[in-house]
Amino acid sequence: MPVPPAADPAGAKPSRREQILAAAAELFARHGFHGVGIDDIGSAVGISGPALYRHFRSKDAMLGEMLTSISEVLLTGGQARVSSVADPDVTLGELVRFHVDFALDNPALITVQERNLGNLTDPDRRKVRALQRRYVETWVEVIVAAVPEVAEPTARAAAHAVFGLINSTPHSRHLDRDQMADLLTGMALSALVHTPTAQPSLQPRLSGR
């Protein structure tokens, strides 16, 4: 399955199909999935709207391939870093930096992923959710190995919280790219390493009671 050009680490010239996905991602991020027509996407890549049907059967299929590709890239990249490094502390740093780099280099894709899961067809949604769950479990495995006192449910919640932090980057451009990468990596690692091991009481303490 093709990966949108911004996510292609090899830097190869994108195919027409990949160009369409990249243009669609930018438009979906800016105007929303329902605010973009097939003619808008065609115009963005210099072809007519109907000509897009030679590459994708529908706008729904385009979104499905886009979000599936994002999830596949994240899962493959995460697993590669886990398998290539034996030290869990180093692996955790590699995993965080990988996700930070992806988010900073692909802000439109991150925005589309966050906003449009509900617009997928049922089969595509199930596929994307399955890939996302496997990616989360990759993080859970590493977090538990690096911080053994943290239980799996807490590690899972921590992973989701860190995703929220990192994925907020499309809306946070106050620093240059490298500065933002360093800031996010440091914040994410600090949060994960210092994840509380005990759940605080939900019952408020009242003075005099």
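The values are calculated or read from the model by the stated rules, or taken from the named source; none is laboratory data. These figures come from a predicted structure and were not determined experimentally. Neighbour counts run over all protein chains shown; Cβ positions are idealised from the backbone, glycine included. Areas reflect the complete protein model, heavy atoms only, side chains present, ligands, DNA and RNA absent. Shrake-Rupley method; radii C 1.70, N 1.55, O 1.52, S 1.80 Å.
Is it the case that the range 120-131 has a residue that's farther than 30 Å from residue 87 by Cβ, outside any helix (DSSP H, G or I) and either at pLDDT below 90 or acidic (Asp, Glu) (or both)? Break it down into steps so the answer makes sense when it comes.
Going through the range 120-131, the residues farther than 30 Å from residue 87 by Cβ turn out to be 120-129.
Adding the requirement that they be outside any helix (DSSP H, G or I) leaves 120-121.
Subsequent filtering for residues that are either at pLDDT below 90 or acidic (Asp, Glu) (or both) retains none.
No, the conditions are met nowhere in the range 120-131.
Output yes when any residue across the range 84-97 is assigned to a helix (DSSP H, G or I), surrounded by fewer than 19 Cβ atoms within 10 Å (Cβ to Cβ) and either in contact with a His (Cβ under 6 Å, 6 or more places away or on another chain) or small (Gly, Ala, Ser) (or both), and no when none is.
Scanning the range 84-97, I find at least one residue that is assigned to a helix (DSSP H, G or I), surrounded by fewer than 19 Cβ atoms within 10 Å (Cβ to Cβ) and either in contact with a His (Cβ under 6 Å, 6 or more places away or on another chain) or small (Gly, Ala, Ser) (or both), so the answer is yes.
Can you confirm whether residue 168 is open to solvent by 40 Å² or more (accessible area, probe 1.4 Å), within 20 Å of residue 101 (Cα to Cα) and at pLDDT below 95? Even if it seems obvious, please write down each step before you answer.
On the way: open to solvent by 40 Å² or more (accessible area, probe 1.4 Å): yes; within 20 Å of residue 101 (Cα to Cα): yes; at pLDDT below 95: yes.
Answer is yes for this residue.
Show the residue pairs meeting these rules: Cβ distance below 7 Å; 6+ apart or different chains; first residue within the range 129-158 and without any contact (Cβ under 8 Å) to a residue 12 or more places away in the chain; second residue in a helix (DSSP H, G or I) and open to solvent by less than 80 Å² (accessible area, probe 1.4 Å).
Pairs found: 144/155.
Being open to solvent by 30 Å² or more (accessible area, probe 1.4 Å) and within 20 Å of residue 165 (Cβ to Cβ): is that true of residue 72 here?
Numbers: open to solvent by 30 Å² or more (accessible area, probe 1.4 Å): yes; within 20 Å of residue 165 (Cβ to Cβ): no.
No, not satisfied.
Can you list residue pairs whose Cβ atoms sit under 6 Å apart, with the first residue in the range 31-59 being open to solvent by less than 20 Å² (accessible area, probe 1.4 Å) and the second being part of a loop (DSSP other than H, G, I, E, B)? Count only pairs 6 or more apart in sequence or on different chains.
As it stands, the answer is 33/116; 42/48; 42/49, since those pairs meet every condition given.
Return the residues of the range 98-119 that are more than 23 Å from residue 190 (Cα to Cα) and either over 16 Å from the mean Cα position of the chain (by Cα) or open to solvent by 70 Å² or more (accessible area, probe 1.4 Å) (or both); say none if nothing qualifies.
Answer for the range 98-119, where residues must be more than 23 Å from residue 190 (Cα to Cα) and either over 16 Å from the mean Cα position of the chain (by Cα) or open to solvent by 70 Å² or more (accessible area, probe 1.4 Å) (or both): 114, 115, 119.
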